[in-house]
Amino acid sequence: MAFITASWNPLGDAFYRKTDLYEMSWSLRDGLRDSLVAAAPYGGPIALLREPQRRSPSSRPQLEIYSASGGTVASFPWKSGPVVQLGWTVSDELLCIQEDGTVLIYDLFGSFKRHFSMGQEVVQSQVMEAKVFHSPYGTGIAIVTSSSRFTLATNIDDLKLRRLPEVPGLQGKPSCWVVLTQDRQTKVLLSNGPELFILDNTSCTVVCPPGLSPQDGNIVHMSVSFSYKYLALLTDSGHLWTGLSTLQEKLSDVDTKKTMAPKQMLWCRRPKSQQPSVVLMWDRLLLVVGVCNETIQYPIEDPCVLVGEMDGVRIISSSNQELLQEVPLVCQDIFKIASMAPGALLLEAHREYEKSSQKADEYLREIKEQSMLGEAVRQCVEAAGHEYDTNTQKSLMRAASFGKCFLTDFSPDQFVTTCRELRVLNAVRDSSVGLPLTHTQFKQLTLQVLIDRLVYRQFYPLAIEVCRYLKIPDYQGVSRVLKHWASCKVQQKDLTDDAIARAVCMKVGDSPGVSYSDIAAKAYECGRAELAIKLLDFEARSGEQVPLLLKMKRSQLALSKAVESGDTDLVYTVVSYLKNEMNRGDFFMTLRNQPVALSLYRQFCKLQEQETLKDLYNQDDDHQELANYYVTASYREKRLEGRLSLLQSAVDEYNKAKNEFAVKTTEDEMRLLRFQRKLDDEKGAGLLGLSLQVTMETLLSLGLHKQAEQLYKDFRVPDKRYWWLKLKSLAEKEEWDELEKFSKSKKSPIGYLAFVEVCIKCNNKYEAKKYVSKVTPEQKVKAHLAVGDLEGAADAAIERRNEAEIGAVLSRCSASNSLVIERLNRARAAIAKK
Amino acid sequence: MMRLRRSHLICCAASKEKMAAHLSYGRVNLNILREAARKELREFLDKCAGSKAIVWDEYLTGPFGLIAQYSLLKEHEVEKMFTLKNGRLPPADVKNIIFFVRPRLELMDIIADNITSEDRHHSSRDFHILFVPRRSMLCEQRLKEQVLSGCVQVECYLENDQTSLYHTAKGLMTLQALYGTIPQIYGKGECARLVANMMLRMKREFAGSQNQILPVFDTLLLLDRNVDLLTPLATQLTYEGLIDEIYGISNGYVKLPPEKFAQKKQGEGSKDLPTEPKKLQLNSAEELYAEIRDKNFNAVGAALSKKAKIISAAFEERHNAKTVGEIKQFVSQLPHMQAARSSLANHTSIAELIKDITSAYIIQCFPIKSHYVNTYIEDCIAQKDPLIKILRLVCMQSVCNNGLKHKVMDYYKREILQTYGYEHILTLNNLEKAGLLKPQTGSRNNYPTIRKTLKLWMEDANEQNPNDISYVYSGYSPLSIRLTQILARPGWRSIEEVLKMLPGPHFEERQQLPSGLHKKRQQGENRTTLVFFLGGVTYAEIAALRFLSQVEDSGMEYVIATTKLINGTTWIKSLMDRPESPTQ
């Protein structure tokens, strides 16, 4: 513990330290010499291609993929063309950029995924150099060709190639270049001798960094920081310029006195860096140059590769791996020799406490006197997060826990979270997993992505452990892991369909949020249709099964699943798909077996394809509907002949449907239409399309009694209705003589009270009275009352000895009818007596 | 640029709004539903950044008005609102045009027309479409194709289209997400079974995402309209029911003929009568309406005159007010009293309007004694009464008698076709398909048994102080509500025989609750049942259910949900098929 600062080196007012990450578990025969190496940030995988330039077909170079700790992940002979550059995408895919501009993409396990080209002109002029870069838009690639032209692709998943303008005066490749992402724009910064250019989509501009003159020499190396915010330039005279990548401000200017160009040059910073630096590497030397002009020198024995991280630089050699970083301020505070920071005191207090020394109390008292105990706990917890060594973590956390005991009202959140996160980090840092993430990187990466990476590396049990341990809701946690696991499982070629289906079902069960149809889709993608169908059977949501079944051309099954789901939109989707896929006969047959689908399709046809509707009914021998269809169609027909012929078709179909009633009425309608047309032609009566009743009404009002009579007879109109009609019509036209004649034509089927009431309604009391005598005895009183003949009504009521009727008459009497009232009352009394 | 979006929730909520208006009181806080709908709407609006104009499908303004006032829309940068119609959109300087429409094909054509005529004038505008209740594939296709053709009619029984059932099931799932899983589901009828099946399936599909809300509803009852076809055919005799039968209530508003509402200002007499229909809002926020809406119309007169006395007594109080304090107190009550007086005036006018009409209008279940009714219907046709009335009568006779004698049925049909026109042959066909009209077959007529067992016809209904639900139809109890009542007590097992006679299966399902959510019922605490009417419900049925809720010892509270509010007229109309006549 005392030696914790032994690996620290002062740089300006800060310290730098190297932490051992791994003894590399690989065994490289020739070390990292003559190899193309790409190691992804955030403890990502390492790809290694030995002697990429060797072109003899007899011995193919080997492409190897390792975890960050050197564990072999994949290895295969490189059979494609010469590779210029290797790189990793943000989603851990390997990019191999070939001389001819082809980019091949492999997954972490070395399976080829796809390829694309960086443009036609590259084929002739070859890629000289390439760089893989990351931006908010994803992973991008920049190349420079032998004709000195740059081409950019900002996001390889949405490939848009941009050929940048020519750089004036540039022959061959530039001496050095970097890709910058600024203000949502991707640019190339390059040097040609002492000159510096910025190259964007449209222009090439010469730029001069403030404080760097051409006399300082040719720019031979440059580097941008992880965040694209800072830039470092190195000249052939050993001058190192650092500043903002906008080139608007200089940070420092250091003479390294090294005239040889370094093999790698990287920024080494951390968030809230006190003393950022640039790390330069030569064959035997690693030089850390702080902006404060001080330097640290580390000797190197083996060829190394530097990997830039957001909070330091990883140094990978053939035998081990280290993390070089500025010591976080809180760690400096605690571990700096003779530090009096509260955290340092607390750590000391705890140490004494464990030794059962009373000094513990003195230290504690000292912190408490300054009321800094809370701060001390916080410092210890934070520092623990930054430490790689588990023992150091533990002693810090114990100290924090010890300090917490003396605090009331202190939120344990930070302590608990850090404890949990450290456990997870320690687990993934383990050499067998090989994700050397710092706490800072982990926070940046987020837990979600970490789990994704574990899953992607197929550490399923660990991923599930982590999810459970951190209590991530199943949807985002365990289920997601299981889904990936299952998708991977279905690709195992050595297992039978049954075995896989069973294994998947057993593990996944009905975990919420795991979609069997997604897994099935994966199986289908791998050419295992049978397995896909087996898996689909486990899917609870029938709606989800449909799209894949359609894709697999299992249309019958898709249709029944869609129907099962009850989602009519889905049924429509399948139906319209089937319609395009199948011939008409098969299509109709398929629908026939699915009544729900059939009726939906019928509706669709009603709206969009009337003709098809007819075919459907025909196919089903549904004569009734077919007839209805013709009826509907007849109303759309303007010409009478067309209308009649459609109605005739309807009659034929109604006949086949044995619907005698409909046959009869339809024939009647045709007869009526012909009749109407005839009269329209002869008299311009405007009858066409009217109902029989209205036709007769119109005829009567036009005085065409004979024709009305004819209809009445021809269409066997019930007497009652006809009499009502004629009665009303004659009364309305005030043809009173005609009415009287009509009333006498035969015994009225509607009685004569109707005559009385209609006449009264037409304000003809005189005519009304004519019919009063004809009404039946039961209606006499009513009839008399209707014409206002109280005396008559009274007579009738008294004669009928009907108490209710007497009452009715009485209620109509006013004071002036005293005589009548008297008579009625007498009669009533007489009835009552009996 | 066209983006199509969908929103399930708004829609379900919008259709469920109906019940929010009915049951603003009671134990179930329906505001949650309203809030959820509102939230969804807000989120949708915020997705379209920048100023916006909304183009409304007129039909939707009502339901939406219930969840969102204009001020809410305004807060979310809605600057203009238009009604959906053909041609160019009115000018509006906004970034987004949002169409709020139902997924109907004919509306898609209008939208397409709007957009195409727009494109030439404006370039950088985003168009969005919000489908209520949800997106339909057909409509999207239509937008792409832009073909012209006829109109849509969706009716579950006619077309065997389960779309509406699917929406119902979805809506019920939303409801459960907000109010907790409903432990017991009962149902009667084909559609009820289908909806329950869909719900159970959907629940399985979301297995694992356990709902942790304490259930508000104890029971869900799904009732298929097909089980009780008779009730909507009869004229509702509650106050609210009659208003709906005669004038039609839509989204809580009714339009009335203006004559009776003329403002009588002194001196002016009644020179200029208003010509615009009078639009009134009807809901329980109005004290008087809450009091009389569910009363039998025959009891409304008494209630109104009682109210009139109370109000005039209250106004008389001013003579007794002697001290300044008393006068002040009187004045402070004035606004309330004046509101009550104008409310009384309104309802007195409405009652008068209805009274003038009713006698000729009412269709009651009672006189369905075969011979008499034949003549009656015959006379109605001869007098050319409105077709819908005839159809209601004929269907009623058919339903009550397990079909019509062949001869009678053909006679009616011929009479209808001859009088109202041959085109109604399709309507008659639809009625037959829906089971409302059918010829008698050999099978026994079960209706008398059903009627007697369930006590559907009560000879001595007390209209003034009802003691049974039959008061809502002056002596006829709606079968649907009787089933609901019996379910609560003594349970359906007691009427097993009758249930078998009614169409469609009856069933009971239980939904497992997560442990810890089992309700511990307080002594005397009411149980709550959600009654869902598939295929519509009448105001009278709602009144009957509310009556049941209020009966003191029932121990049951009812919340009503439905796919739509119907009355005999609107219901029969939805079943009518009118071929388009040729356009000249």
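Electrostatic tally near B:R204: other residues with Cβ closer than 13 Å to its Cβ, Lys and Arg +1, Asp and Glu -1, net -3.
Total lysine pairs in region B:389-529 at Cα distances under 18 Å, for residues eight or more apart or on different chains: 10. Sorting the segments A:697-705, A:81-89 by their residues' average number of neighbouring beta-carbon atoms within 10 angstrom, most packed first, yields A:81-89, A:697-705. Would region A:356-570 count as rounded, prolate or oblate if I go by the C-alpha gyration tensor, calling it rounded below 1.5 in a/c and otherwise prolate when a/b exceeds b/c, oblate otherwise? Judged from the Cα gyration tensor, region A:356-570 comes out prolate (a/c at least 1.5, a/b above b/c). For the peptide B:422-431, the mean number of other protein chain Cβ atoms found within 10 angstrom of a residue's Cβ is 5. Relative to the current alpha-carbon distance between A:E799 and A:T408, full extension at 0.36 nm per residue lengthens the span by 129.8 nm. Once the C-beta distance of B:T441 and B:R493 is scaled by a Förster radius of 22 Å, the resulting FRET efficiency is 0.15 to the nearest 0.05. The share of alpha-carbon pairs in chain A lying farther apart than 36 Å comes to 68%.
Excluding same-chain neighbours fewer than eight residues apart, the lysines reachable from A:K160 by a Cα-Cα span under 26 Å are A:K113, A:K131, A:K173, A:K187, A:K229. Partner shielding of A:597-607 amounts to 4, given as the average count of beta-carbon atoms from other chains within 10 Å of each residue beta-carbon.
Relative contact order (percent) for region A:498-557, with alpha-carbon contacts under 8 angstrom and 6 or more residues of separation?
31 percent
Within the same chain, aspartates and glutamates fewer than 8 places from A:K713 are excluded, and of the rest, those with a Cα less than 18 Å from its Cα are A:E667, A:D668, A:E669, A:E697, B:E415. Give me the net charge for the shell around A:T202: Cβ to Cβ below 13 angstrom, other residues only, Lys and Arg +1, Asp and Glu -1. The answer is +1. Take the Cβ atoms of B:E316 and B:E352, set R0 to 35 Å, and the FRET efficiency comes out at 0.90. With a/c under 1.5 counting as rounded, go ahead and sort the protein assembly as shown into rounded, prolate or oblate using the C-alpha gyration tensor (a ≥ b ≥ c being the square roots of the eigenvalues; past the cut-off, prolate if a/b is larger than b/c, else oblate). Prolate shape, in that a/c is at least 1.5 and a/b is the bigger ratio. The simple Förster model, with R0 at 51 Å and r as the Cβ-Cβ distance, assigns B:R341 and A:E709 a FRET efficiency of 0.25. Between A:E249 and A:V206, the contour length at 0.36 nm per residue exceeds the Cα-Cα span by 13.8 nm.
Each label was represented as a point 7 Å from its Cα along the Cα-to-Cβ direction; for A:L640 and B:E58 these points are 3.7 nm apart. A simple spin-label model places the labels of B:L200 and A:K443 5.3 nm from each other, with each point 7 Å out along Cα-to-Cβ. Computed from label points 7 Å out along Cα-Cβ, the spacing between B:V331 and A:L495 is 8.8 nm. In terms of the Cα gyration tensor, with a ≥ b ≥ c the square roots of its eigenvalues, is region A:72-161 rounded because a/c is under 1.5, prolate because a/b exceeds b/c, or oblate? Oblate, since a/c reaches 1.5 and b/c is not below a/b. Peptides B:504-511, B:428-435, A:814-821 ordered by packing proxy, namely the average of other Cβ atoms within 10 Å per residue, highest first: B:428-435, B:504-511, A:814-821. Across region A:663-668, rounded Karplus estimates of 3J(HN,Hα) from the backbone phi angles (6.51 cos²θ - 1.76 cosθ + 1.60, θ = phi - 60°) give 4, 4, 5, 5, 4, 4 Hz, Gly and Pro being marked x. Taking a Cβ cut-off of under 12 Å around A:L739, the surrounding Lys, Arg, Asp and Glu residues balance to a net charge of -1, with basic ones at +1 and acidic ones at -1. On full extension, the segment bounded by A:D621 and A:R584 gains 11.7 nm, given 0.36 nm per residue less the C-alpha separation. Residues whose amide H comes within less than 5 Å of that of A:Y16, counting only those at least five positions distant or on another chain, are A:N9, A:L11, A:V327 (H built at 1.01 Å from N in the peptide plane). Neighbouring Cβ atoms from other chains, within 10 Å of the Cβ of residues in B:411-420, number 6 on average. Ordering B:169-180, B:250-261 by mean Cβ neighbour count within 10 Å, with the highest value first, yields B:169-180, B:250-261.
Phi angles across region A:595-606 convert, under the Karplus curve 6.51 cos²θ - 1.76 cosθ + 1.60 with θ = phi - 60°, into 3J(HN,Hα) values of x, 5, 5, 4, 5, 5, 5, 4, 4, 4, 5, 3 Hz, Gly and Pro given as x. Shown for region A:412-510: lysine pairs separated by 8 or more places, or found on different chains, whose C-alpha atoms are under 22 Å apart, numbering 7.
Every read-out reported here was derived from the displayed coordinates using simple, explicitly stated rules and does not represent laboratory data. Values in this document were obtained by computation on a predicted structure and should not be read as measured data. For neighbour counting, all protein chains shown are included, and Cβ atoms are generated from backbone atoms with ideal geometry for every residue, glycine included.
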